[in-house]
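The values are calculated or read from the model by the stated rules, or taken from the named source; none is laboratory data. Keep in mind that this is a model prediction, so the values were computed, not measured. For neighbour counting, all protein chains shown are included, and Cβ atoms are generated from backbone atoms with ideal geometry for every residue, glycine included.
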Amino acid sequence: MSEAPVRRGSLRERKRAATIEEIKSVAIDQLAADSGQMTLRGVAREVGLTVQSLYNYFPSREDLITALVADAHNALADAVQTAAREQRELPASERLVRVALAYRRWAVEHRARFLLIYGTPVPGYRAPEEGPTTEAARRLGATLVEVVFGDWSAAELGGVRRPGEDDRPIPALVTAAELLSPGMPPAALGLGLDLWGRIHGPVMLEILGHLPWLGPDAEANYRDTVIRAAADVQRVREHGV
């Protein structure tokens, strides 16, 4: 039995989708080129629309930026999820290294989009507290949590402790753990947050131009950084602190 043909949508729908993508592409270029000073009038002019026509696609500048931020988060999450899925059979530490390399690679190849979500805030824009940007950010966070802790037992997760003498749960981590991975001990999420800082920090330094002297060796150095971080996580897994 042959498969039913995939519906491509009407010509009008395809044209609308293409126009939306062109608007987004122009907007991200303007944000990158002019320190966040993007206007609907400027985007409309470059796309070949009137401002009034552009409102049919994005009612406001905030709506357009929100779409760009959500797209960037989702594209980065896609890259991370693809790497995680393709490396599922590898040992946990090596899988983490491969996923981190995919994270860095996406950032390097999509610098403007990466900085849109992690760089200097766009002047005059504030993301909605609940909406597509928040949902997309949580999706990325949940993906990283799965990569790091997906094969940990409940006993191993529960064995993670805060360093130092104060072992009381940090309230913000309690809330975040329930959002990202219900049932995860907050101390384990704190460990994951520490690891993400070690994965993300060197990428930001590179993207912002602070490590030019590494040149073509940037990826090799980054890999070593992640290997050390993964070893520290494994140590906590085995010993609890």
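Residue 126 falls short of the stated requirement of being at pLDDT 90 or above and surrounded by fewer than 18 Cβ atoms within 10 Å (Cβ to Cβ). The set of residues in the stretch 19-64 that are of a type in the set (Gly, Ala, Ser) and under 23 Å from the mean Cα position of the chain (by Cα) comprises 25, 27, 32, 33, 35, 36. Somewhere in the stretch 218-227, is a residue charged (D, E, K, R), in the same structural domain as residue 110 (by TED's automatic domain parsing) and touching a residue at least 12 places away in the same chain (Cβ under 8 Å)? There is at least one residue in the stretch 218-227 that is charged (D, E, K, R), in the same structural domain as residue 110 (by TED's automatic domain parsing) and touching a residue at least 12 places away in the same chain (Cβ under 8 Å). Here the condition is being at pLDDT 90 or above, over 30 Å from residue 240 (Cβ atoms) and part of a helix (DSSP H, G or I); of 75, 136, it holds for 75 alone. When 30, 37 are screened for being assigned to a loop (DSSP other than H, G, I, E, B), of a type outside the set (Phe, Trp, Tyr) and not assigned by TED's automatic domain parsing to the domain that holds residue 121, only 37 passes.
Scanning the stretch 164-179 for any residue that is under 20 Å from residue 103 (Cβ atoms), in contact (Cβ under 8 Å) with a residue 60 or more places away in the chain, surrounded by 18 or more Cβ atoms within 10 Å (Cβ to Cβ) and within 18 Å of the chain's Cα centre (by Cα) turns up nothing. Among the residues of this structure, residue 98 counts as one that is in contact (Cβ under 8 Å) with a residue 12 or more places away in the chain and charged (D, E, K, R). Against the condition surrounded by fewer than 20 Cβ atoms within 10 Å (Cβ to Cβ), under 29 Å from residue 117 (Cα atoms) and in the same structural domain as residue 217 (by TED's automatic domain parsing), how does residue 193 come out, does it pass? Judged against the criteria, residue 193 is a match. Can you find even one residue in the stretch 204-215 that is more than 25 Å from residue 87 (Cα to Cα) and at pLDDT below 90? No, every residue in the stretch 204-215 fails to be more than 25 Å from residue 87 (Cα to Cα) and at pLDDT below 90.
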